Amino acid sequence: MLFGRAFLTTFTFAAMAISHVACAPTAHAETAVIEKRNSVGDRMNQCYSKVQTHCKDIDNTISQHGGVIDVNVAVEIEAELQAIVDLLVQLCVDIKVDIDLGVSVKDISNCGNTFILLVNLLVTVLLKIFNACQSGAIAILVSVVVKLQVQIQLCLSLILGCINGLIGGLLGLVLNLLLKLKVDINACISVFLSTCGKFH
């Protein structure tokens, strides 16, 4: 009888020990995760996509009000333009960091070409806004358009500064590519500044 109890007790402890081992968490080998750093081209593309959304919203707002922007509609549009300004503020911060870390010719080319698309998009939407504004509505938008102009010029300065830094060590086709990019960027900026001037 005593032997039987001793056997049961020993068996019970053994079973408990096995269960603890079975339930113990399994150690997994840690896997190193290497995060890919966004390039200046990536960041510009992401910003452009978000700006497109706000421009579509502006376009829809104008259409919903019969193509006319009165004072009340101007307030709605001001909020959309401010959202674009905020995106550009963050963009300038991000691409400055990327440029300081070093960029390739391909990266800055992608960034510059998308920047041209972004600026041209803003020109289109600003002209549409200006042409639809009633008397008094433009005055509401002057401040935010000035902010937009400042951020575009800051972005321009960063991009051209980077291009100028790369040009010194380039020759041939790649050099011509960047020189042409500079010309195209300056051309679209000229139109943009002229368009902004309509609101002043």
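Every number here is computed from the coordinates shown, using simple stated rules; none is lab data. Note that the structure is a prediction, hence the values are computed from the model and not measured. Quick reminder, even Gly has a Cβ in these numbers, built from the backbone with ideal geometry, and neighbours come from all protein chains shown.
Sort the following peptides by mean Cβ neighbour count (other Cβ atoms within 10 Å, averaged over residues), highest first: 82-89, 109-116. Working shown, then result.
Values: 82-89: 18.1, 109-116: 21.2.
Ranking, from highest mean packing down: 109-116, 82-89.
When each of the peptides 59-68, 179-188 is scored by the mean number of other C-beta atoms lying within 10 Å of its residues, the order from highest to lowest reads 179-188, 59-68. Thinking of the range 120-200 as a set of Cα atoms, what percent of all their pairs are more than 21 Å apart? Pairs farther apart than 21 Å: 40 percent. Gain on full extension, evaluated as 0.36 nm per residue between D100 and N176 minus their Cα-Cα distance, stands at 25.0 nm.
For S190 and H65 in the same chain, what is the full-extension length gain: residue separation times 0.36 nm, less their Cα-Cα distance, in nm?
Length difference between fully extended and current span is 41.9 nm.
Note on the range 63-188: Cα convex hull, mean projected area over all directions, 8.2 nm². Given the range 33-89, what whole percent of its Cα pairs are spread farther than 16 Å? Summing the P(r) of the range 33-89 above 16 Å gives 52 percent of all pairs.
Stokes-Einstein diffusion of the range 160-200 at 10 °C, 1.306 mPa s viscosity, Kirkwood radius from Cα pairs, rounded to a whole number: 138 µm²/s. Comparing Cα centroids, the range 60-92 and the range 104-124 end up 22 angstrom apart. If the chain linking N164 and N113 were pulled fully straight, counting 0.36 nm for each residue of separation and taking away their Cα-Cα distance, it would gain 16.8 nm.
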